[in-house]
Every structure is written in structure tokens, then in C-alpha cells.
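Shown next, in C-alpha cells, is the structure this report addresses.
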Amino acid sequence: GESVGLHLPTLSVQEGDNSIINCAYSNSASDYFIWYKQESGKGPQFIIDIRSNMDKRQGQRVTVLLNKTVKHLSLQIAATQPGDSAVYFCAERPAWRGGFKTIFGAGTRLFVKA
Amino acid sequence: SQTIHQWPATLVQPVGSPLSLECTVEGTSNPNLYWYRQAAGRGLQLLFYSVGIGQISSEVPQNLSASRPQDRQFILSSKKLLLSDSGFYLCAWSTSGGDEKLFFGSGTQLSVL
């Protein structure tokens, strides 16, 4: 069945180091992928997205990599800061779903150690 | 700029009582609107989505219902709350023209006791 899952539920990194959060998906029909950041008690915030015709996209301090061969998505955060501590969700929009049904993964909690 | 308002932020309700959570979006027209529920420490489960006034699609059978009386207003309701309805409820919107990014409200923490 389809799923969007995360390899690690918790990730702890030292401030200033780079963070890599991984995500696996199983629906090869998905054509759009998104990363969200959720701070405690708040709604998720859009970070970055990527379409299936790309394999890399960069934002401010964040990079998303898409490997369609192994159905793997990753979020890289450069020079991780305490404000990056949050839960990160990957999500996919399967094209056959009609474009309305984002599927979220379980999330990875990122701890940034000072 | 677009904004989304969701209220109340927290709610404690007894079992069997009714529920009404409201969400409004400003700064955009004809948005797609969504209600999600998030259990503690878990991912997001889509409950309802709407592509227009009066058009509601339900994703999971449950004790809840949704309505969209106006273009930018989305309401989540229940006639009688169950303990299992406790959770963090999130309203979200996206554009109707193909941009699939979701923009979330600040959420309502519902505790049914």
C-alpha cells in the first residue's frame, strides 16, 4: 500500500552542524512532495517543495533531494540553529488522488543541542 | 497577503456535548479548504476537504461533519462528542489553481472529558 514514512522518529544534532531528515514513499504515482515544519502547539509551516521532474531544489539553508529510483526524499538543513528544533513532516500528493489529498508521514522530531 | 484564522485555540468539552470549530481565510478567493486532525505525537489525518461553497468531501467515517457556508469559511461540527474526538484540529487552505501547498491555521487543541 501507499505510505510516506520516515526512517528516524528523532534526530539530535549539534548547533551549527548540518541536519539530514529522510523520508521514504511508496507511491510511484506521486508527482509532488513537500516538507513542513511544525513547532510545538502550532500548525505546520511549508518549508520547501519539489516536483517529480526535479531531483534537487534549494531554499534558504534548506535543500530537498528526491531520488525517484528508490523513492526517497530528504531534507537537508545547513548550519542548524536552535530555532530549527521542531517536528518535520514529509508529504506527497499522489497525482491519481485528484490533487486534494496530501499524505503526511509520521514526522521526525529534530533536537538542536547548543 | 493571505491569512487563516482558526478558533478557539483550546477547548475542553464533556462527552456528549456539541462542537463547533470555525476557520476563515482572508486575502484569497475560492480556496480549497481542509480539516485535519493530529493525535499527540503523530501525523496529520485528513478529515474533510472542500473545493467550493456547500461542497464537502469526507475522508473517514466519523462523528464529525463539516460545512462551508461561505467561500472563505469552513466549520467543523459534532452533535455529540466522543472521548476519541480529542486531538489537535487544524484547518488549512490551498489555492484552487494547482498550487498544492497547504497553509495551516494555528490549530485547536480539543480535549473531550
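Quick look at the values:
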| read-out | value |
| --- | --- |
| Viscosity 1.567 mPa s, temperature 4 °C, Stokes-Einstein D of chain A from Kirkwood C-alpha radius, µm²/s | 92 µm²/s |
| For B:LEU47, residues with placed amide H under 5 Å, excluding near neighbours | B:TRP35, B:TYR36, B:ARG37 |
| Least to most buried among B:GLU100, B:GLU26 (fewest other Cβ within 10 Å first) | B:GLU26, B:GLU100 |
| R0 of 25 Å, Cβ-Cβ distance A:PHE46-A:ALA78: FRET efficiency to nearest 0.05 | 0.85 |
| Proxy reagent accessibility, fewest Cβ within 10 Å first, across A:LEU73, B:LEU113, B:LEU82 | B:LEU113, B:LEU82, A:LEU73 |
| Unit charges at the beta carbon, dipole of the protein assembly as shown: most positive-side option, B:GLN38, A:ALA29, A:GLN14 | A:ALA29 |
| Dipole magnitude of chain B, debye to nearest 20 (Cβ charges: Lys/Arg +1, Asp/Glu -1, about Cα centre) | 260 debye |
| Residue exposure sequence - B:ASP71, A:ASP49 - by fewest surrounding Cβ within 10 Å | B:ASP71, A:ASP49 |
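Every read-out reported here was derived from the displayed coordinates using simple, explicitly stated rules and does not represent laboratory data. Nothing here was measured: the structure is a model prediction, and the numbers come from that model. Here Cβ is always computed from backbone atoms with ideal geometry, including for glycine, and neighbour counts include all displayed protein chains.
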